[in-house]
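Okay, structure first, notes after.
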Amino acid sequence: MTKFTPLILAALALGMLAVYETPAAAAVASEFNQALHGEYMARAARERAENHHVAADLFTSKAQAAAANEYVSPENPRDYEIPPEYFGELYDARVRLMRALDRGGRAALPAVAASAQKNYDCWVEEQEENIQPLHIAACKEAFLAALARVEPLVAEPEPGPAPIRPHMVIAAPMPAPMPAPAVARSYLVFFDWDKSDLTAEARNIIRTAAANAAAARAGRVTVTGHTDTSGTDRYNMGLSVRRAEAVKTELVRQGIGGATTDVLARGELDPLVATPDGVREPQNRRAEIVF
């Protein structure tokens, strides 16, 4: 067997490092991307040690993109074969993560925000495998712990009362005006069986919801898609996504900003009317608009 000289071994070691490390690029990256680079590299090393080479390559490529100061987004569970019973939780968690990051979480707590993103990706990757419950739980709990530290720093502040300036003259109270009628902040849009296209009645409801959201100056609008219990869990989850996206598209057409509209999907998990499996219930084929 050929023996390698120490010089050759050193060169090989340096070559291996060059595949997975990008220290020069990381030095010019943002503080968040520097932290994200380190988080992903650590995860890649762990996956490679467990002979999970596909996952290791994924995290390595994301680490390299972060080191180059590129925008690196969290994984999307739609791109994975997630068991249907876990898809809704992962999807909703990604919405929370993106909201926290986009509202300033990357700058407020860069290291913690990077940990949240890496552990979310870890959760998605482990949940698709769905063979190591302890690993799934560890990634999920680490993600939730990091997110819980970032979210309060970027939450929209509640408006407080206007301060009374010194020496302000307080006039006699005027008669209270008649209260304006309350604006509904929740709307239901119903769909035909196995359909995600909007009926004329659905468009009217969305038009009303959009007008009232604009009048109320709603900061965010959430659309959640649902199905009845006919069909498989996996198919229904996808159908509920399509229904929610159809409603969002119409809201945007009616003037509601797409960047302020969140889309969630619950499949058949939260029926309006409880039914046995396989029942075509019109009240459960819906999307809910809340602002």
Verdict on A27 being over 28 Å from V112 (Cβ atoms), at pLDDT below 50 and open to solvent by less than 80 Å² (accessible area, probe 1.4 Å): no
Subset of segment 31-71 (residues that are small (G, A, S), under 17 Å from A116 (Cα atoms) and either modelled with pLDDT of 95 or more or open to solvent by less than 50 Å² (accessible area, probe 1.4 Å) (or both)): A35, G38, A44, A63, A66
Selected residue [assigned to a helix (DSSP H, G or I), in contact with a Gly (Cβ under 8 Å, 6 or more places away or on another chain), at negative phi and crowded, with 18+ Cβ neighbours inside 10 Å] from V252, V263, V247: V247
Yes/no for N130 being open to solvent by 60 Å² or more (accessible area, probe 1.4 Å) and in contact with a Pro (Cβ under 8 Å, 6 or more places away or on another chain): yes
Selection within segment 191-205 - loosely packed, with under 13 Cβ neighbours inside 10 Å and not in a helix (DSSP H, G or I): D192, W193, D197
Qualifying residue in segment 217-225 (condition: more than 20 Å from S186 (Cβ to Cβ) and not acidic (D, E)): no
Matching residues in segment 258-267 - criterion: being touching a Leu at 6+ places or on another chain (Cβ under 9 Å) and over 11 Å from T222 (Cα atoms): G267
Unique match (being touching a residue at least 12 places away in the same chain (Cβ under 8 Å), touching a helix residue (DSSP H, G or I) at 6+ places or on another chain (Cβ under 6 Å) and open to solvent by 60 Å² or more (accessible area, probe 1.4 Å)) among R242, R234: R234
Near pairs, Cβ below 7 angstrom, 6+ apart or cross-chain, from segment 79-91 (of a type in the set (A, V, I, L, M)) to any residue that is part of a helix (DSSP H, G or I) and open to solvent by 20 Å² or more (accessible area, probe 1.4 Å): I82/E128
Residues being closer than 15 Å to V290 by Cβ and either part of a helix (DSSP H, G or I) or over 24 Å from the mean Cα position of the chain (by Cα) (or both) - total across segment 215-235: 1
Residue that is nearest to Y187 (Cα to Cα) [pool: residues in segment 271-288 that are open to solvent by less than 80 Å² (accessible area, probe 1.4 Å) and assigned to a loop (DSSP other than H, G, I, E, B)]: R285
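The values are calculated or read from the model by the stated rules, or taken from the named source; none is laboratory data. Remember, it's a predicted structure, so these values are computed and weren't measured experimentally. Cβ sites come from the backbone with ideal geometry, for glycine too, and all protein chains shown count toward neighbours. For accessibility, only protein heavy atoms count, side chains too; no ligands or nucleic acids. Shrake-Rupley method; radii C 1.70, N 1.55, O 1.52, S 1.80 Å.
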